[in-house]
Amino acid sequence: MAITKEQDKARPTGTLGVERWVQFAYAACAVTLAWFLIKSSTAVWTILADNVDAVPEPNSTMIAVGAGLVAFISAVIAYRSTKIHTFVLEVCVELSKVAWPTRKETWSQTVVVLIVSVIAAIILGVYDAVWSHITDLIYNV
């Protein structure tokens, strides 16, 4: 998987640059897939064991090993796929170009959102009270 000149320019400083985030994404997806497979396999096996006498109780160790192997193999296959790897690499390159806000900017924007939300709640509350009063007058007449 060759990195283009544009991708190389966007690399942050470090040993692996963007590639470390690509590898982290594959590892995170593998862990998430393994967790999902463990939960779903255990649930299905438990239902089968409860309803069918020939099915034994689920073996959590075997399920975890099997799910881990499936997740690892899936991650390796996805990593070796040119289309998938190129897509993930391009996403990481684009995310490395994002100008993330500072803590101060995030805090000030959060305060603005809270203030606007309170103002909107007050306006809607007043509108609701007035409308309720008007409808009470109409229906009581």
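What follows is calculated from the coordinates using simple rules that are stated; it is not laboratory data. Because the structure is predicted, anything quoted here is derived from the model rather than measured. A quick note on method: Cβ atoms are made from the backbone with ideal geometry, for glycine too, and the neighbour counts reach across all protein chains shown.
Sequence-distant contacts, meaning Cα pairs under 8 Å at least 6 residues apart, place the relative contact order of the chain at 30 percent. Taking the longest Cα principal axis of the chain as reference, the axis of helix 18-51 is set at about 90 degrees. Counting beta carbons within 10 Å around each of 92, 29 and listing the fewest first gives the order 29, 92. For the chain, the number of Lys pairs separated by eight or more positions or lying on different chains, with C-alpha atoms closer than 22 Å, is 5. For region 100-141, the share of alpha carbon pairs falling in successive 5 Å distance bins from zero is 5, 21, 13, 13, 10, 9, 9, 6, 6, 4, 3, 1 percent. Annotation: Cα Rg of the chain relative to the compact-globule expectation 2.2 N^0.38 Å equals 1.87.
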